[in-house]
1. In nm, to one decimal, how far is the modelled label at residue 23 from the one at residue 84, with both set 7 Å along Cα→Cβ?
2. Determine, for each peptide in 109-118, 160-169, the mean count of other beta carbons within 10 angstrom over its residues, then list the peptides with the highest first.
3. Under a crude label model (7 Å from the Cα following the beta-carbon direction), how far is residue 153 from residue 97 in nanometres?
4. In region 99-174, what % of DSSP beta bridges are antiparallel (nearest 5)?
5. Which of the peptides 139-147, 73-81, 96-104 is most tightly packed, and how do the rest follow, going by the mean number of other Cβ atoms within 10 Å of each residue?
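Any read-out appearing in this document is the output of simple, stated calculations on the displayed coordinates, not a laboratory observation. Since the model is a prediction, treat every value here as computed from it, not as a measurement. Cβ coordinates were reconstructed from backbone atoms using ideal geometry, including for glycine residues, and neighbour counts include every protein chain displayed.
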């Protein structure tokens, strides 16, 4: 106990003195540049040259040789081998759909495929002009007799009809 009380009297700053002290900033003149010349032979730190990691992929060394187009060796161009693959049989090119819808399709210009299905559903839309695989990204159409609204370019790709047409019969395969 005696030691503790002596420590409190002898070291008031360390033992929790509550006297406030003003915080003085370090004057700017206290900071001075430190000269350290790496090329100085008296330097205690030897600095070696840079390693090859700093070079870029297209770096040209002093002993690099260049080949002119007229000096190219006469080697034939590589030949691509054609692989003989059988054509997929009927029904084997596409997995079976969960269900199929048949009805009318229209187009609209908002740039998406709209159906009464959850967004993100993969579908294949087939018409007289061909088939397209798309992902449903909007809800629609508004008219109950229509089953799908397509982006204008997609509509005419599957339609196979003149540009003034607005409705086409389609089959939609839902996956």
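1. 8.5 nm
2. Final packing ranking: 109-118, 160-169.
3. About 2.4 nm separates the two model spin labels.
4. On the way: 20 of 27 bridges.
For region 99-174, the DSSP antiparallel bridge percentage is about 75.
5. 139-147, 96-104, 73-81
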